[in-house]
Each structure stands twice: as structure tokens, then as C-alpha cells.
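Worksheet: the structure to be examined is printed underneath.
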Amino acid sequence: MIAKLRGALNRRRPFPLRLAALAHCRASYSQFGEDLFIQSLLPEPTRGGFYVDVGCYRPVQFSNTYRLYQLGWRGLAIDASQRWQHEWSSVRPRDTFIVQPIAEKTKPMLMCFDNVYPTCSRLIDAAGTPNAPELRDPRYTITEITAK
């Protein structure tokens, strides 16, 4: 049974099975390890900085800044969806969460919130993309919002 489990883990993702190898593992909260890359660019110790996270999504899951938050940093978290605002205030109270879509200039846009895969939510310029498939797909919740 253990051999089958070990084999399944190795096929899914390389996983260190020796204690010595586990000692060098680092947890990543971002989707593709961006937080580890960012931290590698900073001098040690990296305590007490400030960040701006545009398109921040949730406070821990897929977060590029949560590792920095754990090190005592604080920052500005900006997202077009207000769905994460309460979660941010309870999980990361040192951060300021702003609901605001960002664009080159102020203009009305459509927030297409993907209810199945929230990370795939997006903004659409209704004037520039009137036939966007999201506008006809029932899995999206569409709201009008002004980008700045």
C-alpha cells in the first residue's frame, strides 16, 4: 500500500522522500512559485517592506505576496472583485484592500466573474469586445464596473 502511494505521489509531482531533501523544501503560496522568485531577489533579511499586489485574488491561495506578509511586510491589495474583501480584512489586517479594476484610462468595463474557476475571471471592454463568449456563458456573473 505504501509503495503504491509513494508511486502515485512521484507520478503526480516529484516529492522528496528523504528527510534531508525535505529540509530544503520551501512552501509557495503563489500559482507558479512567483513568491519564491520574488524573495530570491531581495536581500536577507527581508523584513518590514511594502508591496502593491494588482489582481491579488485571495489573501493566501495563489498569492504572490503572502510570504512577504508573513515576514512582516504590509501592502496595497487591488482587485476588480469585491468577493475577497472580507477575507482579506480578516486574514491580512495589515493590508489595505481596494476594489478597483486597473486600466490605462478611466472607462466602463464588464467584470466577468467565473463562478466555476474564479481565477479565470476577467475584465472585458464591452465597446471593444461586444461578442465576447463570456457574455453568453451562464457560468459567469457579469457586472458593470469603471476601470481607472
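The values are calculated or read from the model by the stated rules, or taken from the named source; none is laboratory data. All of these numbers come straight from a predicted model, not from anything done at the bench. With ideal geometry, Cβ positions are generated from the backbone for all residues, glycine too; neighbour counts draw on all protein chains shown. Surface accessibility is based on the protein's heavy atoms, side chains included, excluding ligands, DNA and RNA. Shrake-Rupley method; radii C 1.70, N 1.55, O 1.52, S 1.80 Å.
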Filter result for residue 124 (open to solvent by less than 50 Å² (accessible area, probe 1.4 Å) and among the aliphatic types (A, V, I, L, M)) | yes
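Residues 69, 140: which one is open to solvent by less than 40 Å² (accessible area, probe 1.4 Å), touching a residue at least 12 places away in the same chain (Cβ under 8 Å) and touching a Cys at 6+ places or on another chain (Cβ under 8 Å)?
Working: 69 fails: touching a Cys at 6+ places or on another chain (Cβ under 8 Å).
Selected residue: 140, the only one of 69, 140 that is open to solvent by less than 40 Å² (accessible area, probe 1.4 Å), touching a residue at least 12 places away in the same chain (Cβ under 8 Å) and touching a Cys at 6+ places or on another chain (Cβ under 8 Å).
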Within the range 59-87, considering residues that are among the basic types (Lys, Arg) and over 17 Å from residue 102 (Cα atoms), the one modelled with the highest pLDDT = 74
Please work out if residue 112 is open to solvent by 50 Å² or more (accessible area, probe 1.4 Å) and within 20 Å of residue 77 (Cα to Cα).
-> no
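Scan the range 106-123 residue by residue and report those that are free of Cβ contacts under 8 Å to residues at least 40 places away in the same chain and either over 10 Å from residue 140 (Cβ atoms) or among the charged types (D, E, K, R) (or both). So that I can check it myself, show each step before the final result.
Within the range 106-123, the first condition is being free of Cβ contacts under 8 Å to residues at least 40 places away in the same chain, and the residues that meet it are 108-117, 120, 122.
Within the range 106-123, 108, 109, 114, 117, 122 meet the criteria.
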Pairs returned, first residue in the range 38-66 that is on the phi > 0 side of the Ramachandran plot, second residue that is of a type in the set (Lys, Arg) and open to solvent by 50 Å² or more (accessible area, probe 1.4 Å), beta-carbon separation under 9 angstrom, 6 or more apart or interchain, are 48/74
Name the pairs whose Cβ atoms lie under 9 Å apart, with the first residue in the range 79-92 and under 17 Å from residue 64 (Cα atoms), the second open to solvent by 50 Å² or more (accessible area, probe 1.4 Å) and part of a helix (DSSP H, G or I), and 6 or more positions between them or separate chains?
-> 79/85
When the range 25-66 is checked residue by residue, the ones that are open to solvent by 70 Å² or more (accessible area, probe 1.4 Å) and among the polar types (S, T, N, Q) are 31, 40, 61
Out of 15, 50, report the one residue that is hydrophobic (A, V, I, L, M, F, W, C) and modelled with pLDDT of 90 or more.
-> 50
Hey, can you tell me all the residues within the range 72-93 that are open to solvent by 20 Å² or more (accessible area, probe 1.4 Å), touching a Phe, Trp or Tyr at 6+ places or on another chain (Cβ under 7 Å) and small (Gly, Ala, Ser)?
-> 89
